[in-house]
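S.K.: Here it is, the structure, as C-alpha cells.
Just so it is clear, none of the values below were taken in a lab; they were calculated from the coordinates. Since we're looking at a predicted model, the values are computed, not measured. Heads up, the Cβs are rebuilt from the backbone with ideal geometry, glycines too, and the neighbour counts pull from every protein chain shown.
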Amino acid sequence: MPPLAQDDAERAYKALREHAEACTGVSSRNRRIQEIECRHLGVDRRLRVGEPDGGNGKTVEAILQLGRDIYTIHHVQSDRELGAPTVLQRKDVYSVTDFE
C-alpha cells in the first residue's frame, strides 16, 4: 500500500476508534481484530472485516475492542457519515481472531 493510502487508512481507523469511544464511553484497545464469532439479536454470526454482514448486508469496516468487555462492529457507510456501531458485550462473543 502506498504511504499516502496507508496514512488515509490509519486516519479513518483512528476516527472509527474515537467514534466507538464516544458512543460507549469506554477507551478502545490497540488490538486489530479481523474476525469475531458472536451472538447478535438471537442469531449466531461470524463477522469478518471486508466481508458482508449476514444480518444487514453491509460490509464490515472494522471490529474494535473497548475495555475488557465491549466490542463494536463498524460497517461501511454509503455517505461516509459514521453511523452508530453495533455494540456487543463479552458474554455474546464466542471467539476473536486478530490480524496477523
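S.K.: Can you list the HN-Hα couplings for segment 11-27, worked out from phi with the Karplus curve (6.51, -1.76, 1.60; θ = phi - 60°), rounded to whole Hz and with x for Gly and Pro?
M.R.: 5, 5, 5, 4, 4, 5, 4, 5, 5, 4, 5, 5, 6, 9, x, 10, 6
S.K.: What does the charge count near Gly67 come to, summing +1 for each Lys or Arg and -1 for each Asp or Glu among other residues with Cβ under 11 Å from its Cβ?
M.R.: Numbers: positive: Arg29, Arg68, Arg90; negative: Glu21, Asp69.
Counting the neighbours of Gly67, the net charge comes to +1.
S.K.: Which values, in whole Å and largest first, are the semi-axes of the equivalent ellipsoid of the chain obtained as the square root of 5 times each eigenvalue of the Cα gyration tensor? Kindly include the intermediate steps, with their values, before the conclusion.
M.R.: Details: eigenvalues 86, 47, 38 Å².
The three semi-axes for the chain are 21, 15, 14 Å.
S.K.: Further, regarding this structure: In segment 1-47, which trypsin sites (Lys or Arg not before Pro) fall in coil by DSSP and have 15 or fewer other Cβ atoms within 10 Å? Walk me through the numbers before you get to the answer.
M.R.: Numbers: sites: Arg11, Lys14, Arg17, Arg29, Arg31, Arg32, Arg39, Arg45, Arg46; in loops: Arg29, Arg31, Arg32.
Of the trypsin sites (Lys or Arg not before Pro), the ones in loops of segment 1-47 whose Cβ has at most 15 other Cβ atoms within 10 Å are Arg29, Arg31, Arg32.
S.K.: Using the Cα centre as the reference, give the magnitude of the dipole from point charges on the C-beta atoms of the chain (Lys, Arg: +1; Asp, Glu: -1; all else neutral), rounded to the nearest 20 debye. Display every interim value, and only then the final one.
M.R.: Working: 15 positive and 17 negative charges, 66 e Å.
The dipole magnitude comes to about 320 debye.
S.K.: Farthest toward the dipole's positive end in the chain, which of Val93, Ser28, Thr72, given Cβ charges of +1 (Lys, Arg) and -1 (Asp, Glu) about the Cα centre?
M.R.: Val93
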